[in-house]
Amino acid sequence: MDKLTSKKALLDSIRTKEGINFECDENAILEEYNTQEDNKSSLAIKLLSVFGGFLAALAFLDFLAIAGLYDSKFGLSIFGIVFIISAIWLNKAYDKLIIDTFSISIYVIGFVLLASGLSLMNVDENMIAILISLIAFSSLLITQNFMLSFISILTINSSFIFLITSNYSYDFIHLYTAINTLLLTYVLLNEAKIISLNKRLSQLYNPMRIGLVISLLFGLISIGKKDLMPLSQNLIWLSSMVMALVTLYLINTIIKINEINTVKSKVIIYTLSLLILASTTFSPSIAGAIVLVLLSFLVNYKTGLAIGIIALIYFISQYYYDLNFTLLTKSIILFVSGITFLLFYLFTTKLFTTKNLNNNEKI
């Protein structure tokens with residue numbers, strides 16, 4: 001059975017199960033699927049295409065440099081605006097991979113030219129960052145292309161980080177991280193609700209999801225990488241508190257889904273969870289990576305799970321590397337932390353295995 005036929009069979013199965021109240025635009029669904037298949041390609045091909053489009057755009061920039069454009073601050077700003085508008089129009093008018101790759105390149109370069117031109121015109125850097133973020137947000141409302149939307153979300157969050165660093169308000173990175181954590185939690189746990197609201201949101205969901213994951217990583221790296229930002233150690237608990245609350249909420253959700261009702265099991269799970277969270281009090285980046293792993297596991301988001309696991313390994317390594325302890329003390333801390341994680345894993349595995357066996361016996 002080919003993929004298109006299987007999609008038709010799936011729709012028929014859902015229609016039969018839901019009854020006469022089920023309504024859908026079958027032709028539109030199949031047409032959208034065919035469009036995605038026609039433009040489907042491997043990741044390597046996409047990366048090469050984007051790289052090729054970027055080189056072509058750079059060649060055009062070289063031509064503009066020879067023509068003396070860079071001597072004009074107004075010229076830089078105008079061409080930046082033209083590039084951004086052209087990229088959005090191309091994505092709106094055409095739905096082809098080769099067009100996407102070129103438009104993505106000129107979209108990014110357009111922002112660079114616009115920011116450079118405004119900077120040369122002595123426009124306040126805070127106003128430039130706000131303007132860039134507003135343009136990026138506006139593009140989300142106009143076109144819902146995956147890569148363009150993904151870049152726009154990263155641009156918005158990067159603008160916020162720029163505002164934090166340029167104004168030397170480094171501790172506001174905790175607010176940035178908290179907002180992104182809560183947004184990501186809401187988006188991942190309410191996928192069905194979001195994509196069912198309207199077509200535009202359904203198209204934005206995937207780029208918004210991965211965009212929020214990467215944006216959260218920006219914040220976690222800013223906190224977890226020593227000396228990257230001069231953060232006050234007296235306020236580091238702010239991010240830890242948010243991560244702990246979200247983690248406990250996710251654990252509570254997982255407990256309810258798996259119907260764990262015994263008080264003893266709940267006490268053990270929460271005790272082990274609190275022990276793990278307590279060990280991350282002064283490293284909220286580790287707790288943030290745990291949140292990402294739990295969230296992705298809960299909704300079966302494989303990309304987020306892989307990113308979360310890699311981030312968790314990195315932040316744990318970075319944290320213990322930065323500790324001003326002897327090698328023996330660090331080894332003991334790592335050993336105890338590892339034992340706690342293993343106990344949590346073994347207990348939950350045994351608990352879920354026992355639950356499945358009991359369910360099978362009932363059947």
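I need the chymotrypsin sites (Phe, Trp or Tyr not before Pro) found in the stretch 115-173, filtered to DSSP loop residues with at most 11 other beta carbons within 10 Å of theirs.
Passing both the DSSP loop test and the Cβ count: Tyr168.
Rounded to whole Å, give me the distance from the Cα center of the stretch 93-127 to that of the stretch 227-246.
33
Going from the alpha-carbon gyration tensor of the stretch 121-229, what semi-axes, largest first and in whole Å, does one get by taking the root of 5 times each eigenvalue? Please list the in-between numbers first.
Details: eigenvalues 132, 69, 19 Å².
Listed largest to smallest, the semi-axes of the stretch 121-229 are 26, 19, 10 Å.
Rounded to the nearest 0.05, what FRET efficiency do Ser232 and Thr16 have when you use their Cβ-Cβ distance and R0 = 45 Å? If you can, show how the numbers build up before the last one.
Values: r = 60 Å, r/R0 = 1.34.
Approximately 0.15, to the nearest 0.05.
Using the Karplus curve 6.51 cos²θ - 1.76 cosθ + 1.60 with θ = phi - 60°, what ³J(HN,Hα) values do you get for each residue of the stretch 142-149, in whole Hz, with x for Gly and Pro?
Result, ordered by residue: 8, 10, 10, 4, 4, 5, 5, 5 Hz.
Apply the Karplus parameterisation 6.51 cos²θ - 1.76 cosθ + 1.60, with θ equal to phi minus 60°, to every residue of the stretch 239-247 and state each ³J(HN,Hα) to the nearest whole Hz, in sequence, with x for glycine and proline.
Ordered by residue, 3J(HN,Hα) equals 5, 4, 5, 4, 4, 5, 5, 5, 4 Hz.
At R0 = 30 Å, how high is the FRET efficiency between Thr165 and Val267 if r is their beta carbon distance? Nearest 0.05 is fine.
Efficiency at R0 = 30 Å is approximately 0.10.
Could you tell me the calculated FRET efficiency between Ala59 and Asn190, based on Cβ-Cβ distance and R0 = 30 angstrom, to the nearest 0.05? Walk me through the intermediate numbers first.
Working: r = 44 Å, r/R0 = 1.47.
Result of the calculation: an efficiency of 0.10.
Quick note: the coordinates plus some simple rules give every number you see, no bench work behind them. Predicted model only: the values in this text are computed from it and were never measured. Ideal geometry is used to build each Cβ from the backbone, glycine not excepted, and the neighbour counts take in all protein chains shown.
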